[in-house]
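Working notes, beginning with the structure itself.
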Amino acid sequence: AGRLQPLPLQPGGWWRSGDAGRLGAEGLEVLGRLDGALHSGGETVFPERLEERLQEQAARAGAGLEALLLLARPDPEWGEHLVALVRPRQAGEGAELLGALQALTAAWPPAERPRHWHLCPSLAPTAAGKWERGRWQRWLDSLEAF
C-alpha cells in the first residue's frame, strides 16, 4: 500500500542485506553488493574468503604463490564468474604454479572455481596491504580486450 513494512526478524523488525540500494519514485533499486560478494550460477560467492582458502592450500602444498586476487567477470549464463590473477614467488615458475592452483581448486564447487587464470608479475596490494580491486579490474579488462 505504498509504505514500508518492518519484517519481524531482528530487533526493530529490519533485515540486513549485503546489497546496496535506494528508494526512488519507482520503488527499490538494487545498486550492487556492499561486501564484495558476487553471484555466480545462482550462488553467492565471496572472493576474499576463496582467496584466503586458496592461499592456505597453496602454502600447505608448497606452491610458490606470492600474490593472488580473484575478480569477477560478467557471464551471460552465470551472472558472473571468477578470474584469478596470480603472481608467482619465482618468475620462471608461472606455468607450474597455475597448474598447481588449478589442481587445488578442481574439487571446488563450479561457482567458486576460477574459470580463467592469468599471470600478473606486477600484482601486489597497496603498502597498507589493501587491494585496489578497481585498478586490477581495469588491468584485467585491458588484458581481455585483446
**Message:** Looking at segment 60-75 only, could you name the residues that are more than 13 Å from the chain's Cα centre (by Cα) and within 16 Å of residue 42 (Cα to Cα)?
**Reply:** 75
**Asked** Before we move on, is residue 29 in a strand (DSSP E or B) and modelled with pLDDT of 95 or more?
**Response** no
**Prompt:** Quick one: which of 143, 119, 97 is of a type in the set (A, V, I, L, M, F, W, C), farther than 21 Å from residue 39 by Cα, surrounded by fewer than 17 Cβ atoms within 10 Å (Cβ to Cβ) and over 17 Å from the mean Cα position of the chain (by Cα)?
**Reply:** 143
**Prompt:** Looking only at residues in segment 122-140 that are of a type in the set (A, V, I, L, M, F, W, C) and outside any helix (DSSP H, G or I), which one is least open to solvent (accessible area, probe 1.4 Å)?
**Reply:** 123
**Message:** Looking at segment 76-94 only, could you name the residues that are over 15 Å from residue 43 (Cβ atoms) and open to solvent by 60 Å² or more (accessible area, probe 1.4 Å)?
**Reply:** 76, 89, 90, 91, 92, 93
**Options 84, 91, 127; residue that is among the small types (Gly, Ala, Ser) and within 16 Å of the chain's Cα centre (by Cα)** = 84
**Message:** Just to be sure before I move on: is residue 109 within 16 Å of residue 54 (Cα to Cα), in contact (Cβ under 8 Å) with a residue 24 or more places away in the chain, loosely packed, with under 15 Cβ neighbours inside 10 Å and under 15 Å from the mean Cα position of the chain (by Cα) in the structure I sent?
**Reply:** yes
**Asked** Can you find a residue in segment 63-71 that is part of a loop (DSSP other than H, G, I, E, B) and out of contact with any Gly (no Cβ under 6 Å at 6 or more places or on another chain)?
**Response** yes
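The values are calculated or read from the model by the stated rules, or taken from the named source; none is laboratory data. It should be emphasised that the depicted structure is a prediction, and the values quoted were computed from it without experimental measurement. Note that we place each Cβ from the backbone using ideal geometry, even for glycine, and neighbour counts take in every protein chain shown. In case anyone asks, the SASA skips ligands and DNA or RNA and just uses the protein heavy atoms, side chains included. Shrake-Rupley method; radii C 1.70, N 1.55, O 1.52, S 1.80 Å.
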